[in-house]
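**Q** Can you keep this structure in mind? I'll have questions shortly.
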Amino acid sequence: MISLSQRSQNVTPSSTLAITAKINALIADGVDVVKFGAGEPDFDTPDYIKDAAIAALNAGFTKYTPVPGTPELREAITEKFKRDNGLSYSPSEVIVSCGAKHTIYNIFQAICDPGDEVIFAAPYWVSYPEQIKLAGAVPRVIETTPAQNFCMAPDQVEAAITSKTKAILVNSPSNPTGTTYNVDTLKQIAALAVKHQIYLISDEIYEALLYDGATHQSPASFNEETKAITFVVNGVSKAYSMTGWRIGYTAGPEDVISAMSRIQSHSTSNPTSIAQKAAVAALNEPQDAVEEMRQAFEERRDVICKRFDEISGVSYVKPQGAFYIFPDFSEHYGRTIDGQKIENSMDITDYLLNSAGVGVVPGDGFGADNHLRLSFATSLTEINRGLDRIKEALK
């Protein structure tokens, strides 16, 4: 039998996509499932964005574009960075890819050699370690706790840096925890990257979804030394409810951006032409729709936290951004409920899905097996319905 590559065998499938597929299959079979799995807004893409795509189709804008994105979109991205983040970039320092996931993949492909190390926190987004391994590099995971808001402490980062360290990766607001780094901690981590001359990758895809009056500050805005080594990663998926349009982007060191463009030219070529036109409208037009969605998510965050307060044996850190809550269910491990032994996050995920009709994501794929991830990107009715079921199922 002809063997698979070692690279492909080392990659773990995405647990978030796997559980979403399982939930959708049950629903297709007529099972009533409350879904907390998908990491995407439940709102439709705003009409003005869809109208821009329709206009592009009608105008015949359906051909190849430049690999790193159209000049129009890259210019819109530079204006967004200037307007929202106080950052000045030229279009040559920006590349557009097929989603922020693809953007981060390209960064690792461009900067990592075999044996290089990338530092990031656990809990982490499920694709970080797999993408690092696909680049031949080594994930260096820093364990964090609820007491530290699931954020790496500067002394932890410094202790993890070795001669092989190539980059530090920070995700704020975070998937899966919904927590954010405070500016002082980010400045100390950025200073370590400058001191050791290693890259800083700042995944800011949830930047627009912050709560309790919080504001976002990108590490690249701290000073020119930090900006010179930082990749600011963002996209239109979460803020504009455009997950299926697949437009992500980054700004960073021009030599690496150029390398990423060369890599992309041999994989996907350009991102979809009409999606790029839609992204221009998303970035350039008034942002009222984004604020409306943010307010709805904040209300849902408050409700889901209140409901978890009613459930014994479950603790959580209140999300400060994104649309996830990451409760600790481990007090229920070791129980046998309705004949099912609960030993880990996969067991309790299966139990809640099969016995209670609630779809959540197990924490093991995020590097935190005591936890489950729930997305509150769903209606208040569904949140209450789902939490009623969870409360009853754990009695």
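**Q** Condition first: in a strand (DSSP E or B) and either exposed (fewer than 15 other Cβ atoms within 10 Å of the Cβ) or hydroxyl-bearing (Ser, Thr, Tyr) (or both). Now tell me which residues in the range 79-100 satisfy that. Give the derivation first.
**A** From the range 79-100, those in a strand (DSSP E or B) are 94-97; that's our starting set.
Within the range 79-100, 97 is the sole residue that qualifies.
**Q** Tell me the residue from 239, 228, 190, 220 that is under 22 Å from residue 89 (Cα atoms) and touching a Pro at 6+ places or on another chain (Cβ under 6 Å), please. Before the answer, list the steps.
**A** Working: 239 fails: touching a Pro at 6+ places or on another chain (Cβ under 6 Å); 228 fails: touching a Pro at 6+ places or on another chain (Cβ under 6 Å); 220 fails: touching a Pro at 6+ places or on another chain (Cβ under 6 Å).
Going through 239, 228, 190, 220 in turn, the sole match is 190.
**Q** Just to be sure, is residue 359 small (Gly, Ala, Ser) and in contact with a Gly (Cβ under 8 Å, 6 or more places away or on another chain)? Walk me through how you get there before you give the answer.
**A** On the way: small (Gly, Ala, Ser): yes; in contact with a Gly (Cβ under 8 Å, 6 or more places away or on another chain): yes.
The answer is yes for residue 359.
**Q** Within the range 42-78, take every residue that is polar (S, T, N, Q) and part of a helix (DSSP H, G or I) and give me the one that is farthest from residue 289 (Cα to Cα). Break it down into steps so the answer makes sense when it comes.
**A** Pass one, the range 42-78, residues polar (S, T, N, Q): 45, 58, 62, 65, 70, 78.
Now restrict to residues that are part of a helix (DSSP H, G or I): 58, 78.
Working: 58: 25, 78: 21 Å.
Of everything passing the filter in the range 42-78, 58 is farthest from residue 289 (Cα to Cα).
**Q** Report yes if residue 226 is among the β-branched types (Val, Ile, Thr), crowded, with 22+ Cβ neighbours inside 10 Å and more than 13 Å from the chain's Cα centre (by Cα), otherwise no.
**A** no
**Q** Mind counting the residues in the range 20-65 that are basic (Lys, Arg) and within 18 Å of residue 280 (Cα to Cα)?
**A** So in the range 20-65, the residues basic (Lys, Arg) come out as 22, 35, 50, 63.
Of the ones still in play, those that are also within 18 Å of residue 280 (Cα to Cα) are 50, 63.
Selection size over the range 20-65: 2.
**Q** Scan the range 358-381 residue by residue and report those that are farther than 22 Å from residue 127 by Cα and buried (at least 18 other Cβ atoms within 10 Å of the Cβ).
**A** Taking the range 358-381 first, the residues farther than 22 Å from residue 127 by Cα are 358, 378-381.
Matches in the range 358-381: 358, 378.
**Q** OK, next. Could you check residue 332 against (1) touching a Gly at 6+ places or on another chain (Cβ under 6 Å); (2) free of Cβ contacts under 8 Å to residues at least 40 places away in the same chain and say which number it fails?
**A** Against the list (1) touching a Gly at 6+ places or on another chain (Cβ under 6 Å); (2) free of Cβ contacts under 8 Å to residues at least 40 places away in the same chain, residue 332 comes up short only on (2).
**Q** Just a yes or no: is a residue in the range 153-163 crowded, with 20+ Cβ neighbours inside 10 Å, under 22 Å from residue 367 (Cβ atoms) and outside the structural domain of residue 300 (by TED's automatic domain parsing)?
**A** As a first pass, look at the range 153-163 and keep what is crowded, with 20+ Cβ neighbours inside 10 Å: 157.
From what is left, the residues that are under 22 Å from residue 367 (Cβ atoms) are 157.
The next check asks that each one be outside the structural domain of residue 300 (by TED's automatic domain parsing); those that pass are 157.
For the range 153-163, residues crowded, with 20+ Cβ neighbours inside 10 Å, under 22 Å from residue 367 (Cβ atoms) and outside the structural domain of residue 300 (by TED's automatic domain parsing): present.
**Q** Any residue in the range 194-203 that is assigned by TED's automatic domain parsing to the domain that holds residue 106, on the phi > 0 side of the Ramachandran plot and outside any helix (DSSP H, G or I)? Break it down into steps so the answer makes sense when it comes.
**A** Residues of the range 194-203 that are assigned by TED's automatic domain parsing to the domain that holds residue 106, as a first pass: 194-203.
With on the phi > 0 side of the Ramachandran plot added as a condition, the list becomes 197.
Filter once more, keeping what is outside any helix (DSSP H, G or I): 197.
Yes - at least one qualifying residue is present in the range 194-203.
**Q** State all residues of the range 124-171 that are without any contact (Cβ under 8 Å) to a residue 12 or more places away in the chain and within 20 Å of residue 369 (Cβ to Cβ); if no residue qualifies, say none.
**A** Just the residues of the range 124-171 that are without any contact (Cβ under 8 Å) to a residue 12 or more places away in the chain, to begin with: 145, 147-148, 155, 159, 163.
If the condition is that a residue be without any contact (Cβ under 8 Å) to a residue 12 or more places away in the chain and within 20 Å of residue 369 (Cβ to Cβ), then 145, 147, 148 are the ones that fit.
**Q** Right, something else. How do the pairs read when you match residues in the range 1-30 that are within 20 Å of residue 352 (Cα to Cα) with residues anywhere that are assigned to a helix (DSSP H, G or I), using Cβ under 6 Å and keeping only pairs 6 or more apart or on different chains?
**A** The qualifying pairs are 15/365.
**Q** Have a look at 264, 295 and point out the one that is crowded, with 18+ Cβ neighbours inside 10 Å, closer than 24 Å to residue 234 by Cβ, within 23 Å of the chain's Cα centre (by Cα) and at pLDDT 95 or above. Talk me through it step by step, then tell me what you get.
**A** On the way: 295 fails: crowded, with 18+ Cβ neighbours inside 10 Å.
Unique residue meeting the criteria: 264.
**Q** Something else now. Could you figure out which of (1) under 30 Å from residue 298 (Cβ atoms); (2) assigned to a loop (DSSP other than H, G, I, E, B) isn't true of residue 115?
**A** Condition (1) is where residue 115 drops out.
**Q** Looking only at the range 345-395, how many residues end up being closer than 19 Å to residue 144 by Cα and either over 21 Å from the mean Cα position of the chain (by Cα) or hydroxyl-bearing (Ser, Thr, Tyr) (or both)?
**A** 1
**Q** Would you call residue 349 buried (at least 21 other Cβ atoms within 10 Å of the Cβ) and closer than 16 Å to residue 307 by Cβ? Step through it out loud before you land on a result.
**A** Details: buried (at least 21 other Cβ atoms within 10 Å of the Cβ): yes; closer than 16 Å to residue 307 by Cβ: no.
Judged against the criteria, residue 349 is not a match.
**Q** Let me ask another. Given the conditions (1) closer than 18 Å to residue 124 by Cβ; (2) assigned to a helix (DSSP H, G or I); (3) in contact with a Lys or Arg (Cβ under 8 Å, 6 or more places away or on another chain), which single one is not true for residue 319?
**A** Of (1) closer than 18 Å to residue 124 by Cβ; (2) assigned to a helix (DSSP H, G or I); (3) in contact with a Lys or Arg (Cβ under 8 Å, 6 or more places away or on another chain), only one is false for residue 319: (2).
**Q** Give the residue, chosen from 207, 225, that is part of a loop (DSSP other than H, G, I, E, B) and either in contact (Cβ under 8 Å) with a residue 40 or more places away in the chain or outside the structural domain of residue 294 (by TED's automatic domain parsing) (or both).
**A** Working: 225 fails: part of a loop (DSSP other than H, G, I, E, B).
Only one candidate passes the filter, namely 207.
Condition check ((1) among the hydrophobic types (A, V, I, L, M, F, W, C); (2) touching an Asp or Glu at 6+ places or on another chain (Cβ under 9 Å); (3) within 25 Å of residue 212 (Cβ to Cβ); (4) touching a residue at least 40 places away in the same chain (Cβ under 8 Å)) across all residues:
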| site | (1), (2), (3), (4) |
| --- | --- |
| 288 | no, no, yes, no |
| 305 | yes, no, yes, no |
| 312 | no, yes, no, yes |
| 320 | no, yes, yes, yes |
| 324 | no, no, yes, yes |
| 327 | no, no, yes, yes |
| 336 | no, no, no, no |
| 347 | no, no, no, no |
| 377 | yes, yes, yes, yes |
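The values are calculated or read from the model by the stated rules, or taken from the named source; none is laboratory data. Not measured: the values here are computed from a predicted model. Here the Cβ is made from the backbone with ideal geometry for all residues, glycine too, and neighbour counts use every protein chain on show.
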